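Beneath this line is the structure, given in structure tokens, with notes to follow.
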Amino acid sequence: MTPPAEPDSEIDVGVIGEITISLNTKATSTIILPFTLAGAYGDLVLDDDIDQTNGSLLLVDKNPNDDSIEGQITIGTGESTKTIYVFANNDYTYEADESVTLTLLPETPATNNIASGSGYRLDLDKNKAPILIGDNEPTVTLGAVKDLKEGSATGDFISYVDVELDQDVTKGPGLFVFYSITGGTATQFDYLNTQGRITTSSNADDVVFIPKGARSARLYLSALPDAIAEENETIMISLLDDQNPNDSPTHAIGNNYAIGTNITTTVNIIDSGAFVPSLAILDRLGSAVTTAGVPRQPPWPVGVNQVGR
């Protein structure tokens, strides 16, 4: 009697979220395949790494020698494949796309790039499976800008800058996007800008709130009227990374967005032109020396002042 040959095993990556371990023939007895999971394994969940009642997958422990997890996969008698389903942990932090690599063991010793395990052979050209984890936090940019005018009677003293996302906000109650006034010729006495409180006990911050289900909001500015002769002024606005890290799933605050490419813009404040130069003759007590254009006889010397500046 010729004993059955030991099966060869390999990994195939199917659709995203699945890893299939394949034998070249059905197992004649239970096979235990050790593996390591290296990379951002904290950001994914394997199908039964919590509920191990079926015994098909077992996470053993963290490898003290490197940043990896060791485990075992069980392929039962009569089986030729085992599919592991992979789920990404949905977090509340923007981060670059990540990857995890599942590697079947052993990798040594090997002959002709074939390693020998307990009851199986392993093709070292096909013993690794990369698992890509795409980040799902939105990217924020600045959009349309409306300039404003001091003292406008038609509402032009209010302007806005559109703050836009590349996807709808999915976390409730919404998303706080931080910004900063980074320059310009205008001062804090020339305008008011949108602010908000992250919590009821916090100070007001330069933030724009985008509610759940929306993908944009407006940063509003309001010009304060004056009668000062001045040139048109500018306000420079830049988006900031999230300033209030918080991983709480009940509030969409904390590293919840990525900064896009168009994150700085300039808003112009058009001068009101309300300054009107005039001349008044005052006595030393500051009272006007003329009444209805008729000179009054002053009992004391007078001074001439230009007003309106």
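The values are calculated or read from the model by the stated rules, or taken from the named source; none is laboratory data. Note that the structure is predicted; figures quoted are calculated from it, not measured. Note: ideal-geometry Cβ built from the backbone for every residue, glycine included; neighbour counts use all protein chains shown.
Structure notes:
- Candidates are the residues of the range 188-205 that are in contact with a strand residue (DSSP E or B) (Cβ under 8 Å, 6 or more places away or on another chain) and of a type outside the set (D, E, K, R); the one that is surrounded by the most Cβ atoms within 10 Å (Cβ to Cβ) is TYR191.
- For the range 131-173, the set of residues classified as within 23 Å of SER222 (Cβ to Cβ), small (Gly, Ala, Ser) and touching a residue at least 60 places away in the same chain (Cβ under 8 Å) consists of GLY143, GLY151, SER152, SER159, listed by residue number.
- Considering the range 84-97, and only residues there that are farther than 22 Å from VAL169 by Cα and surrounded by 14 or more Cβ atoms within 10 Å (Cβ to Cβ), the residue that is modelled with the lowest pLDDT turns out to be VAL86.
- First in the range 240-265 and outside the structural domain of GLY183 (by TED's automatic domain parsing) and on the phi > 0 side of the Ramachandran plot, second anywhere and modelled with pLDDT of 85 or more and among the aliphatic types (A, V, I, L, M), Cβ under 6 Å, 6 or more apart: none
- Just one of the listed residues (ASP162, ASP168, ASP156) is in the same structural domain as ILE259 (by TED's automatic domain parsing), assigned to a strand (DSSP E or B) and acidic (Asp, Glu), namely ASP162.
- Just so you know, in the range 206-231 the residues that are within 22 Å of the chain's Cα centre (by Cα) and surrounded by fewer than 15 Cβ atoms within 10 Å (Cβ to Cβ) include one that is modelled with the lowest pLDDT, and it is LYS212.
- Only listed residue being within 19 Å of the chain's Cα centre (by Cα), at negative phi and buried (at least 17 other Cβ atoms within 10 Å of the Cβ), chosen from PHE157, PHE176: PHE176
- Long-range neighbours under 8 Å by Cβ, at least six apart or interchain, first residue closer than 8 Å to PHE157 by Cα within the range 222-234, second in a strand (DSSP E or B) and among the charged types (D, E, K, R): ALA223/LYS149
- ALA129 vs. criteria hydrophobic (A, V, I, L, M, F, W, C), in the same structural domain as THR74 (by TED's automatic domain parsing) and not in a loop (DSSP other than H, G, I, E, B): yes
- Residues in the range 235-264 that are assigned to a strand (DSSP E or B), surrounded by fewer than 19 Cβ atoms within 10 Å (Cβ to Cβ) and at pLDDT 90 or above: 3 in all.
- Members of the range 192-217 found to be part of a strand (DSSP E or B), farther than 18 Å from LYS171 by Cα and not acidic (Asp, Glu), listed by number: LEU192, ASN193, GLY196
- Any chance THR20 is modelled with pLDDT of 50 or more and not in a loop (DSSP other than H, G, I, E, B): yes
- Which numbered condition ALA144 misses (of (1) in a strand (DSSP E or B); (2) surrounded by 14 or more Cβ atoms within 10 Å (Cβ to Cβ)): (2)
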